[in-house]
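First comes the structure, then the notes that go with it.
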Amino acid sequence: MIDFKHVTKIYDQHKVLNNLSLTIAKHELFVLVGPSGSGKTTLLKMVNRLNTPTSGEIIVNGQRVSQIDDVQQFRRHIGYVLQAGALFPNLNVAENAAIQLEALHWPPQKQHQRIAELLQQVGLEPKAFMQRYPHELSGGEAQRIGIVRALAAKPDIILMDEPFSALDPLSREQLQALVLQLHQQLQMTIIFVTHDMEEVVKLADRLAVIYQGELQQVGTPDEILAQPVNSFVHDFFQGLERKQLYLQQVLAAGWGTPAETGAALEFAPTKTVADWAQLLAEHPCQNIKVNNLILKPQDLLQYVAHLKPRRK
């Protein structure tokens, strides 16, 4: 578990973060999102003490980061993935990927085995890639090596700072799928910084929206898209909610009747119209109850029929 408690950061009399409190659960894939300059990367770097708060406290697995004596040793157990892989040009893939293992004094054979295993796991054939140098890699391949390096020492926490922002759409999509796969397999805690809204929705278990150093909202993507707490959050995600229709939007459009006695299945307002349609495909006569309003099967048909077609 990672706790940010009343964290403030001031640079040259400018508040980059202002009294921010946030808890990230163990094994969560948690995304920090907000416009450029909102304080996302500053907050991320506080986890491994690459940055320190002006006031407030960060607690990692019950340990106050400010009280850690051996910071280098602490950092070696937290993976860090930067933009574009950030590989050393004079080292080959095996050497780049094993930097943390070398610092932890792993035997060479054990290092080789671990890197080969991880290369296989991220879709790169060890024999073909171990001896290559960064200039011989594509952007997507270099970023996969960056991920291998972050995972090498089997850390509990991985920090990812806009790792796919410089990649082409296909590589980006492939690596997003890879992150989801690795997170599910390895069950580490991932904190992921991005300003790409579609990336947020695809990756996040939960997310925090930050604006001008202040926390705006925390929740799952569905919760935030369906029920933004203020106009900034609404506008920031504008467009995505049109791709995914939520039951909250159905109620806001005037559908639903006051709940009466009778069989109705409870649905959260953050459930989607697709969830509702899937239920009706299996149980065509099933009513649902959302915020004390009843939605009937015919309401779905009428709601969809009244949607205005989007302009192309």
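Bear in mind these aren't lab numbers, they're just calculated from the coordinates by the rules spelled out. As the structure is a computational prediction, the values presented were derived from the model and not from experiment. In this analysis, Cβ positions are derived from the backbone assuming ideal geometry, glycine residues included, and neighbour counts consider all displayed protein chains.
Across the cross-link table entries Lys26/Lys154; Lys127/Lys154; Lys26/Lys127; Lys5/Lys271; Lys45/Lys271; Lys5/Lys26, which are compared at the Cα atoms, the separations over 24 Å belong to Lys26/Lys127; Lys5/Lys271; Lys45/Lys271.
In this simple spin-label approximation, Asp12 and Gln184 carry label points 7 Å from Cα along the Cα→Cβ vector, and these lie 4.6 nm apart.
In plain terms, the chain from Ala128 to His112 could stretch by 4.4 nm, reckoned as 0.36 nm per residue minus the Cα-Cα distance.
Size of the dipole of region 245-306 about the Cα centre, Lys and Arg at +1 and Asp and Glu at -1 on the beta carbon, nothing else charged, in debye to 20? Kindly include the intermediate steps, with their values, before the conclusion.
Values: 3 positive and 5 negative charges, 16 e Å.
With only Lys, Arg, Asp and Glu charged at Cβ, the dipole is about 80 debye.
About its Cα centre, region 2-240 has a charge dipole of approximately 620 debye under the convention of +1 per Lys or Arg Cβ and -1 per Asp or Glu Cβ, with nothing else charged.
Mind running the shape call on region 93-195? Use the C-alpha gyration tensor, a ≥ b ≥ c as the square roots of the eigenvalues: rounded below 1.5 for a/c, prolate if a/b tops b/c, oblate otherwise.
Working: a/c = 1.81, a/b = 1.26, b/c = 1.44.
Verdict is oblate for region 93-195.
Between the helical axis of 108-121 and the longest alpha-carbon principal axis of the chain there is an angle of about 30 degrees. Can you bin region 69-110 into rounded, prolate or oblate? Criterion: square roots of the alpha carbon gyration tensor eigenvalues sorted a ≥ b ≥ c, rounded for a/c under 1.5, prolate for a/b above b/c, oblate for the rest. Since a/c reaches 1.5 but b/c is at least a/b, the shape of region 69-110 is classed as oblate.
With a ≥ b ≥ c taken as the square roots of the eigenvalues of the C-alpha gyration tensor of region 245-306, please select rounded if a/c is under 1.5 and otherwise prolate if a/b is larger than b/c or oblate if it is not? Taking the square roots of the gyration eigenvalues as a ≥ b ≥ c, region 245-306 is rounded.
In a DSSP loop and with at most 15 other Cβ atoms within 10 Å, the trypsin sites (Lys or Arg not before Pro) in region 8-77 are Lys26.
When you count the other C-beta atoms within 10 angstrom of each residue and take the mean per peptide, 103-109, 181-187, 248-254 line up highest first as 248-254, 181-187, 103-109. Among beta bridges identified by DSSP and lying wholly in the chain, the antiparallel ones come to about 55 percent. Compared with the dominant Cα axis of the chain, that is its longest principal axis, helix 169-186 is turned about 80°. For the chain, the longest principal axis of the C-alpha atoms and the axis of helix 139-151 are separated by about 80°.
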